[in-house]
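What follows is one structure encoded as structure tokens, with my remarks underneath.
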Amino acid sequence: MTAHGTAAHQRRAFYRRIDPLHLAPLWEAFDELITPEPRSPCLPHLWAYGQVRPYLMECGALISAEEAERRVLILENPALRGQACVTHTLFAGLQLVLPGETAPCHRHAQSALRLILEGSGAYTSVNGERVYMERGDFIVTGAWSWHDHRNDTRDPVIWLDGLDIPLVKFLDASFIERHPGPEPPRGRPAGDNVARFGSNMLPVGEGAAGAASARTLLFSYPYARSREALEQMRRTEQWHPHHGLKMAFINPADGGPAMATISTFLQLLPKGFETAPYRSTDGAVYAVIEGAGETVLGDTGEGERVLAWQANDVFVVPSWHRHRHRAGEDSVLFSFSDRTVQEKLGLWREQAE
Ligand code: 1HN
């Protein structure tokens, strides 16, 4: 046996001896662990609304919202099947509440966002305050806030759920509590939250410290308002080469992100606009509110992947995947990612070309 062969043999024998003690050699794993750049196993993927919706409606006949607690079809990243993950840190799902149904009141350590895709006039209540839903609205239920959903309209309501479930699971920090009574807690009247915290004012004598949770002062971001902001701003024609016109939803108390663990964005791409190649360390989930276009991943020619999207489609761009968006029509994209977590930890990076 060569000297080299002997060394390799000796090492393998050594690894077998230490294995029962739950010990392993770092040097065999080092290059896999500490990669020169992110190598997410997550895959880009698009869920076409037209394809998924019939199955979601079938769920309506299979199980009630009450029995399911949350009647949600999980959008699973193709590379992470069975793990309820759209990226390593985020959960995404499509939820259906039929006319007359209630999804019961609970609260959990995980933070949730809703982006309304279909239906008008159903509500979610956050700590007892009703938030009536219109298409495109973005609603936050922060960690440990009571929430239930109710549809008193004649039509189904469907929305995109985004939660930090995989992140909280990774941290082993999950808790849930079901509301004990038949009635959820009663909170402030509908519309109070936007008036109180979403009108470029804050109540005097009741700052962040006085609110139930400083993190989620504002939990209702009506589309009519954010869309109007984009419409006004587009007049300057100051398109960012990599983002078009992209705005982050913020917590008005501190200017930070609207949620503690999830960054959320709204982006206008005018018809014919193509963003320049870009990548960042936060994998992002996009929902198409308006328009149609495509997102091209990878490099021109070999390895290029095209996700063609239209209204209500949902797609995922994993961490450090170079991509560019092309708008075939005036388009509005909502997106969410773990960017704020990475920023708080000093990890977030981008590469704009
Ligand atoms: C949840 O509470 C909701 O409140 C949606 O609508 C999706 C997925 C997993 C765990 C809890 C909701 C969820 C969830």
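The values are calculated or read from the model by the stated rules, or taken from the named source; none is laboratory data. Just so you know, these numbers come straight off a predicted model, no measurement behind them. Virtual Cβ from ideal backbone geometry, glycine too; neighbours counted across all protein chains shown. With ligands, DNA and RNA removed, areas are computed over all heavy atoms of the protein, side chains included. Shrake-Rupley method; radii C 1.70, N 1.55, O 1.52, S 1.80 Å.
For the chain, with a Gaussian network of springs between Cα atoms less than 10 Å apart, report the residue from F219, F170, F334 with the top mean-square fluctuation.
The residue with the greatest mean-square fluctuation here is F170.
So, with +1 on the Cβ of K and R and -1 on the Cβ of D and E, and no other charges, what is the size of the charge dipole of region 1-136 about its Cα centre, to the nearest 20 debye?
So the dipole magnitude of region 1-136 works out to roughly 380 debye.
Can you list the lysines whose alpha carbon is less than 20 Å from that of K271, not counting same-chain residues fewer than 8 positions off?
K246
Whole number in Å², please: accessible area per residue of region 286-338, 1.4 Å probe, ligands, DNA and RNA not counted.
Value for region 286-338: 33 Å² per residue.
Can you send over the carbon and sulfur percentage of the accessible area for region 88-220, probe radius 1.4 Å, protein chains only?
55 percent
Among C59, G346, G136, pick out the residue whose Cα is farthest towards the positive end of the charge dipole of the chain, where Lys and Arg carry +1 and Asp and Glu carry -1 on C-beta, about the Cα centre.
The Cα lying farthest towards the positive end belongs to G346.
Could you give the length gained on full extension between E274 and S40, defined as 0.36 nm per residue of separation minus the Cα-Cα distance, in nm?
81.7 nm
Of E76, E183, E329, which has the largest mean-square fluctuation in a 10 Å C-alpha GNM of the chain?
E183
Can you compute the FRET efficiency between D152 and E304 using 1/(1 + (r/R0)^6), with r the Cβ-Cβ distance and R0 = 41 Å? Round to the nearest 0.05.
Using R0 = 41 Å, I get an efficiency of 0.30.
Determine ³J(HN,Hα), in whole Hz, for all residues of region 322-330 in sequence, where each value follows from phi through the Karplus function 6.51 cos²θ - 1.76 cosθ + 1.60 and θ = phi - 60°; x replaces Gly and Pro.
The phi angles translate into 5, 8, 9, 9, 10, 9, x, 9, 3 Hz.
For region 99-228, count the residues as N, evaluate 2.2 N^0.38 Å, and divide the Cα radius of gyration by that value, please.
Cα Rg divided by the expected 2.2 N^0.38 Å: 1.06.
May I ask you to derive the FRET efficiency for A29 and R81 from their Cβ-Cβ distance with R0 = 22 Å, giving the value to the nearest 0.05?
It comes out at approximately 0.35.
For region 1-152, what is the Kirkwood estimate of the hydrodynamic radius, computed as the reciprocal of the mean inverse distance between distinct Cα atoms, to one decimal in Å?
19.5 Å
Apply the Karplus parameterisation 6.51 cos²θ - 1.76 cosθ + 1.60, with θ equal to phi minus 60°, to every residue of region 304-321 and state each ³J(HN,Hα) to the nearest whole Hz, in sequence, with x for glycine and proline.
Per residue, the Karplus-derived 3J(HN,Hα) values read 6, 10, 10, 9, 8, 10, 9, 3, 6, 5, 10, 9, 10, 10, x, 3, 6, 9 Hz.
Work out the FRET efficiency for A248 and E228 from their Cβ-Cβ distance, taking R0 = 22 Å, and round it to the nearest 0.05.
Calculated transfer efficiency: 0.85.
How big is the gap, in Å, between the Cα center of region 95-149 and the Cα center of region 210-286?
Cα centroid of region 95-149 versus Cα centroid of region 210-286: 20 Å apart.
May I ask you to compute the full-extension gain from E69 to R17, defined as 0.36 nm times their residue separation minus their alpha-carbon distance, rounded to one decimal in nm?
Difference between extended and current length: 13.8 nm.
Which residue fluctuates most in the GNM of the chain (Cα springs below 10 Å): F249, F14, F175?
The residue that fluctuates most here is F14.
Rounded to the nearest 500, what is the 222 nm mean residue ellipticity of the chain from helices alone, with -39500 (n - 2.57) per DSSP H run of 4+ residues and division by all residues?
-5000 deg cm²/dmol
Would you kindly compute the Cα radius of gyration of the chain and its largest Cα-Cα separation (Dmax), both in Å?
When restricted to the Cα atoms of the chain, Rg and Dmax are 22.7, 81 Å.
Any chance you could look up the accessible area of M233 with a 1.4 Å probe, heavy atoms only, rounded to 10 Å²?
M233 exposes around 80 Å² with every protein chain in place.
Taking just the alpha carbons, could you work out the radius of gyration and Dmax for region 1-66, both in angstroms?
24.9, 69
Mind giving me the nanometre distance, one decimal, between the label points for T2 and A173, set 7 Å out from Cα along Cα→Cβ?
That separation, rounded to one decimal, is 5.0 nm.
A352 to H106: extension gain in nm, 0.36 nm per residue of separation minus the Cα-Cα distance?
Difference between extended and current length: 84.4 nm.
Only four residue types carry charge here, +1 at the Cβ of Lys and Arg and -1 at the Cβ of Asp and Glu. Report the dipole size of region 217-353 about the Cα centre in Debye, rounded to the nearest 20.
240 debye
Which of A253, H106, A29 sits farthest toward the positive end of the charge dipole of the chain, with +1 on the Cβ of Lys and Arg and -1 on the Cβ of Asp and Glu?
Comparing the listed Cα positions along the dipole, A29 ranks first.
If you take every residue apart from D330 with its C-beta less than 12 Å away from the C-beta of D330, what net charge results, scoring Lys and Arg +1 and Asp and Glu -1?
In short, 0.
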